[in-house]
Amino acid sequence: MSRNDAPSKAAQGARRVHKLISQQLAEATRTTTGDLDVDKLVELVGAAYDEADRDRQWLLDAFDLIPEGIAIFDKNDRHVLWNRHYAEIYAKSQTALVAGSSFEDTLRTGLANGQYPIAIGREEE
């Protein structure tokens, strides 16, 4: 599998998991008469959200343990996730360092705030 195939394979896998979970959820929330047990549905969805929040926090905590500054960008070169060390490296770009902001915007903000003195006069290079 090439790197270009990975996103489509991941999307296919996510769809399969979503379908399976939806089927299991539908089966688990039906009463013996076939009616939807709303209380059970709310309980299961709430538990799933709680578990997802725990998993997300675990991922963020692990990401912050990486000693290097690291960031994940989307296909349009926009920030998705970064660790504490990355934020420290781009400290003078904090106003531009938000999810969805472009790496270029972060660099331009850093330039404007004097983070890269060696680049003064060559900002457009």
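Let me check I've understood the local charge: for N76, count other residues with C-beta under 15 angstrom from its C-beta, Lys and Arg +1, Asp and Glu -1. What total comes out? Display every interim value, and only then the final one.
Details: positive: K75, R78; negative: D74, D77, E104, D105.
Once positives and negatives cancel, what remains is -2.
What is the fewest-to-most order of E104, E124 by other Cβ atoms lying within 10 Å of their Cβ?
Numbers: E104 11, E124 6.
Least to most surrounded, the residues fall as E124, E104.
Please compute the modelled spin-label separation between D35 and A119, points set 7 Å along Cα→Cβ, answer in nm with one decimal.
Each label point is offset 7 Å from its Cα along the Cβ direction, giving 6.4 nm.
With a point put 7 Å past each Cα toward its Cβ, work out how far A112 is from L44 in nm, to one decimal.
It is 5.0 nm.
Please find, in a Gaussian network model of the chain (springs between Cα atoms separated by less than 10 Å), the residue of I89, I72, I21 whose mean-square fluctuation is greatest.
I21
Taking 0.36 nm per intervening residue step and subtracting the Cα-Cα distance, what contour gain separates S101 from I21 on full extension?
In short, 25.5 nm is gained.
Kindly provide the trypsin sites (Lys or Arg not before Pro) of the range 8-80 that DSSP labels as loop, not H, G, I, E or B, and whose Cβ sees at most 11 other Cβ atoms within 10 Å. Display every interim value, and only then the final one.
Details: sites: K9, R15, R16, K19, R30, K40, R54, R56, K75, R78; in loops: K75.
Those satisfying the criteria are K75.
Using the count of nearby Cβ atoms within 10 Å as a rough guide to exposure, how do T95, T32, T109 rank from fewest to most? Provide the component values of the computation, followed by the final result.
On the way: T95 12, T32 6, T109 18.
Result, fewest neighbours first: T32, T95, T109.
Between [x] 1.58; [y] 1.43; [z] 2.74, which entry matches Cα Rg over 2.2 N^0.38 Å as derived from the coordinates of this structure?
Of the listed options [x] 1.58; [y] 1.43; [z] 2.74, [x] comes from this structure.
Readers should treat all values here as calculations from the given coordinates under stated rules, not as data from a laboratory. Remember, it's a predicted structure, so these values are computed and weren't measured experimentally. Every residue, glycine as well, gets a Cβ built from its backbone with ideal geometry; the counts of neighbours run over all protein chains shown.
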